[in-house]
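Q: The structure is given below, and queries will be raised subsequently.
Where a number appears in this text, it was derived from the coordinates with a stated rule and is not lab data. Because the structure is predicted, anything quoted here is derived from the model rather than measured. All Cβ positions, even for glycine, are placed from backbone atoms using ideal geometry, and neighbour counts span all protein chains on display.
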Amino acid sequence: MAGGFDIVALIVAAGKGERAGGGLPKQYRPIGGKPMLAHAIQAFSRHPAIDRIQLVIGAGQEALCAEAMAASGAPPALFLPLVTGGATRRESVMRGLEAIGKARLVMIHDAARPFLPAVVIDRLVAALGGAEGAVPAIPVADTLARGGTELGEVVPRDGLVRVQTPQSFAFDTILAAHRAWPEELEATDDAQILRAAGHAVAIVAGDPALEKITFQEDVMTAEQRLGARMVTRVGMGFDVHAFADDTDLWLAGISIPHSRGLAGHSDADVALHAITDAMLGAIGDGDIGSHFPPSDPQWRGASSDRFVEHARGLIEAAGGVIDHVDLTIICEAPKIGPHRDAMRARVAALLRLPERGVSIKATTTERLGFTGRGEGIAAQAIVTVRVPEDR
């Protein structure tokens, strides 16, 4: 679109979400190892129709949001500048729309609906070819009745639907409708605001996966739903580097005091190299040499932290979750024991894992072979991940 964007996803993530428990606003509660918001971002970022993502967050939530953005694996260029929401959802949406400025279409979505099937986005885009607004909805299946302290009369459910998000609109139309809405009134959703402005709203088939997460039990159900769609894969990595003079020794992201370092094109962190290869192996995505060829001068002396973070990003972009890392360092010297805790903490930080998800062991080869003669250090790593079953 000339002078603006084509389709922008506006994700509302400004609420407190206290009913879901856990001490965090619910949009940042972890599901499948990453924040709830990250799943919603990921769904939009993977869809080719989405041009940009506008996040509307609560005051003081910038750090939490940055973690969710990183965990989603979405490219930074996809995000518009963060917007701080208002006292109500309607005000938050309005601020987001004003910040976007100009677009052809906008999809307004609640972060509390983390599992957004791509087919729903497809349906909404298609419906907006002949309407100013479209919403996903699913039929009401349960018996409806009036209630209180006792059951009242049954309410006919024919023609009733449960409305979900994302709700999609012609941008200029929904922005004008929001501006015209009386400030003293609150709206249950954006489709209501569009209808009040005199526009029809189309209905497309929704999806049970779009259920809203409100309570703690909803979080548990979401975990079970996500787990049912995941399979476990294991990758193994092995690396060896020779000792070299006049260089620092780096192991598992930690500088180790020693008389010699390791020779290599990067910082030669043999432990992180093994972990990187194991992660790449778990998702069938080549090896460290294919991603960071030693012939490329930009990797000369590079920190191996970057290799690990790159592989972690590939796993996250594939919708995967790293569950556990088991690393064995093989050498006669230096002694690994005094540095084990620092190594474990560093690897856990790089992979965004709790320390209990990282095991670091050390062994010798009883003076046999390359490492036994003190010529260098070897490392072997096994990484366990969960990925979507169709990956």
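Q: Among the listed pairs Lys34/Lys102; Lys335/Lys361; Lys34/Lys212, give every one whose C-alpha distance is greater than 23 Å. Walk me through the numbers on the way to the answer.
A: Details: Lys34/Lys102 31 Å; Lys335/Lys361 11 Å; Lys34/Lys212 17 Å.
Result: Lys34/Lys102 exceed 23 Å.
Q: Assigning unit charges at the beta carbon (Lys, Arg +1; Asp, Glu -1) and nothing else, what dipole magnitude in debye, to the nearest 20, does region 231-388 show about its Cα centre?
A: Values: 15 positive and 20 negative charges, 88 e Å.
Rounded to the nearest 20 debye, it is 420 debye.
Q: What FRET efficiency do you get for Lys16 and Glu366 if R0 is 45 Å and r is their Cβ-Cβ distance, rounded to the nearest 0.05? Don't jump to the answer; show the numbers that get you there.
A: On the way: r = 59 Å, r/R0 = 1.31.
Efficiency at R0 = 45 Å is approximately 0.15.
Q: Residue by residue through region 364-377, which ³J(HN,Hα) values in whole Hz follow from phi under the Karplus form 6.51 cos²θ - 1.76 cosθ + 1.60 (θ = phi - 60°), with glycine and proline marked x?
A: Once rounded to whole Hz, the list reads 10, 10, 6, 6, 9, x, 3, 6, x, 7, x, 8, x, 10.
Q: Then there is this: Amide H of Gly206: which non-local residues (sequence gap of 5 or more, or other chain) have their own amide H closer than 5 Å, using H built in the peptide plane?
A: Ala137, Ile138
Q: Would you work out if region 102-256 is rounded, prolate or oblate? Take a ≥ b ≥ c from the square roots of the eigenvalues of the alpha-carbon gyration tensor; rounded if a/c is under 1.5, else prolate when a/b is larger than b/c, oblate otherwise. All intermediate terms of the calculation are to be shown ahead of the outcome.
A: Numbers: a/c = 2.85, a/b = 1.87, b/c = 1.53.
Taking the square roots of the gyration eigenvalues as a ≥ b ≥ c, region 102-256 is prolate.
Q: A follow-up question, please. What value does the chain have for Rg/Rh, both radii from Cα atoms and Rh as Kirkwood defines it? Don't jump to the answer; show the numbers that get you there.
A: Working: Rg = 25.6 Å, Rh = 23.5 Å.
My calculation puts Rg/Rh at 1.09.
Q: For an R0 of 30 angstrom, estimate the FRET efficiency from the Cβ-Cβ distance between Val155 and Ala118 and round to the nearest 0.05.
A: Values: r = 34 Å, r/R0 = 1.14.
After rounding, the FRET efficiency stands at 0.30.
Q: Tally Lys/Arg at +1 and Asp/Glu at -1 over every other residue whose Cβ is under 13 Å from the Cβ of Val125; what's the total? Before the final figure, lay out each step's value.
A: Details: positive: Arg104, Arg123; negative: Asp6, Asp51, Asp122.
Once positives and negatives cancel, what remains is -1.
Q: Quick check: residue separation of Asp248 and Ala205 times 0.36 nm, minus the Cα distance between them. What number comes out in nm? Mind showing how you got there, number by number?
A: Details: separation 43, 0.36 × 43 = 15.48 nm, distance 5.98 nm.
That pair, Asp248 and Ala205, stretches by 9.5 nm at full extension.
Q: Provide Ile256, Ile275, Ile11 in ascending order of the number of other Cβ atoms located within 10 Å of each residue's Cβ, fewest first. List each step's numbers first, then the result.
A: Details: Ile256 18, Ile275 34, Ile11 27.
Ordered from fewest to most neighbouring Cβ atoms within 10 Å, Ile256, Ile275, Ile11 come out as Ile256, Ile11, Ile275.
Q: Moving on. Let me make sure I get this right: for region 5-228, a, b and c are the square roots of the gyration tensor eigenvalues over alpha carbons, sorted descending. Under 1.5 in a/c it's rounded, otherwise prolate if a/b > b/c, else oblate. Which is it? Please list the in-between numbers first.
A: On the way: a/c = 1.43, a/b = 1.09, b/c = 1.31.
Judged from the Cα gyration tensor, region 5-228 comes out rounded (a/c under 1.5).
Q: Could you tell me the extents of region 231-388's C-alpha atoms along the three principal axes, largest first, rounded to whole Å?
A: 45, 35, 25
Q: Next question. Between region 49-65 and region 278-311, what is the separation of their alpha carbon centroids in Å?
A: 30
Q: Given an 8 Å cut-off on Cα distances and at least 6 residues of separation, report the relative contact order of the chain as a percent. Please report the intermediate quantities before stating the final value.
A: On the way: 816 pairs, mean separation 58.7, N = 391.
Computed over the chain, the figure is 15 percent.
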